[in-house]
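One structure below.
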Amino acid sequence: MKNNQKKPDRRTGITGGLPPAGNKKPVLVILGSYPSRQSLLKGEYYGNPRNQFWQIIQEILDIPAVLPYRQRITCLAGCGILLWDVLSSCSRINSSDATIQDPIPNNIRELLAENPSIRCIALNGQTGSGYYFRRFFPDIMNAGYPHLLILPSTSPANARMRLDEKGNQWKEILPFLSSKPMEDIT
């Protein structure tokens, strides 16, 4: 899986998004839209402390949000999860998906072709990753590959739902996981 064309983010100077993180033979892929400015600077998925992703993962998978990033990724990998983004690069103001310009998608088709183990794609948000996934991968979207979940965005911009409501919807990923995350590290 290679990122497509890369160009520097106008605010951070960072070229392109983050590489895939997690299981090398995933059963579940969680796709965001594009990393926040804080995530790019840290080199970590969901690196903005106000993003609720890691809180939700703690709630539904018992992976402590306070663990070091690499350990959280190892725990996700133990469940068969891979994190990535729909977009490999774009221009935008701060971290707002609403200001994305010049989006270039990651090669999701190649990811799926190389990983027949993938049973589910989970999109982190309707208007960010959901919008760009529909735009660049309508064939996969329409096919429902084999399971496609559009979950509430964990972004701080999504304040319409409470954390517990988001967590309840994110539990939809549970039937697709390989194992319990903490079994592999304890």
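Each residue in segment 53-81 was checked for being of a type in the set (Asp, Glu) and buried (at least 18 other Cβ atoms within 10 Å of the Cβ), and 1 of them qualify. Within the bounds of segment 52-65, is there any residue that is touching a residue at least 60 places away in the same chain (Cβ under 8 Å), assigned to a loop (DSSP other than H, G, I, E, B), more than 16 Å from residue 128 (Cβ to Cβ) and not charged (D, E, K, R)? Yes; the residues of segment 52-65 include at least one that is touching a residue at least 60 places away in the same chain (Cβ under 8 Å), assigned to a loop (DSSP other than H, G, I, E, B), more than 16 Å from residue 128 (Cβ to Cβ) and not charged (D, E, K, R).
Residues considered: 117, 91, 96, 153. Of these, the only one that is buried (at least 22 other Cβ atoms within 10 Å of the Cβ) and small (Gly, Ala, Ser) is 153. Sub-7 Å Cβ pairs linking a first residue in segment 109-130 that is closer than 13 Å to residue 25 by Cα and of a type in the set (S, T, N, Q) to a second residue that is surrounded by 14 or more Cβ atoms within 10 Å (Cβ to Cβ) and at pLDDT 95 or above, at least 6 apart or interchain, are 115/26; 117/26; 117/27, ordered by first then second residue. Of the residues screened, residue 161 is not one that is surrounded by 12 or more Cβ atoms within 10 Å (Cβ to Cβ), part of a helix (DSSP H, G or I) and either among the aliphatic types (A, V, I, L, M) or at pLDDT below 95 (or both).
Say whether the condition of being in contact with a Cys (Cβ under 8 Å, 6 or more places away or on another chain) and on the phi > 0 side of the Ramachandran plot is met by at least one residue in segment 129-144. The answer is no; no qualifying residue exists.
Residues checked against (1) modelled with pLDDT under 95; (2) of a type in the set (S, T, N, Q); (3) in contact with a Leu (Cβ under 7 Å, 6 or more places away or on another chain); (4) part of a loop (DSSP other than H, G, I, E, B):
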residue: 3; (1), (2), (3), (4): yes, yes, no, yes
residue: 6; (1), (2), (3), (4): yes, no, no, yes
residue: 10; (1), (2), (3), (4): yes, no, no, yes
residue: 13; (1), (2), (3), (4): yes, no, no, yes
residue: 24; (1), (2), (3), (4): yes, no, no, yes
residue: 31; (1), (2), (3), (4): no, no, yes, no
residue: 35; (1), (2), (3), (4): yes, no, yes, yes
residue: 38; (1), (2), (3), (4): yes, yes, no, no
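Does segment 132-144 contain at least one residue that is surrounded by 21 or more Cβ atoms within 10 Å (Cβ to Cβ), modelled with pLDDT of 90 or more and within 22 Å of residue 23 (Cα to Cα)? Yes, some residue in segment 132-144 is surrounded by 21 or more Cβ atoms within 10 Å (Cβ to Cβ), modelled with pLDDT of 90 or more and within 22 Å of residue 23 (Cα to Cα).
Residue 84 meets the conditions (1) of a type outside the set (Ser, Thr, Tyr); (2) under 18 Å from residue 25 (Cα atoms); (3) surrounded by 17 or more Cβ atoms within 10 Å (Cβ to Cβ); (4) at pLDDT below 95 in every case but one. The failed one is (4). Of everything listed in (1) touching a Leu at 6+ places or on another chain (Cβ under 9 Å); (2) in a helix (DSSP H, G or I); (3) within 27 Å of residue 90 (Cα to Cα), the single unmet condition for residue 123 is (2).
The values are calculated or read from the model by the stated rules, or taken from the named source; none is laboratory data. Treat the numbers as computed from the prediction; the structure is a model and nothing was measured. A quick note on method: Cβ atoms are made from the backbone with ideal geometry, for glycine too, and the neighbour counts reach across all protein chains shown.
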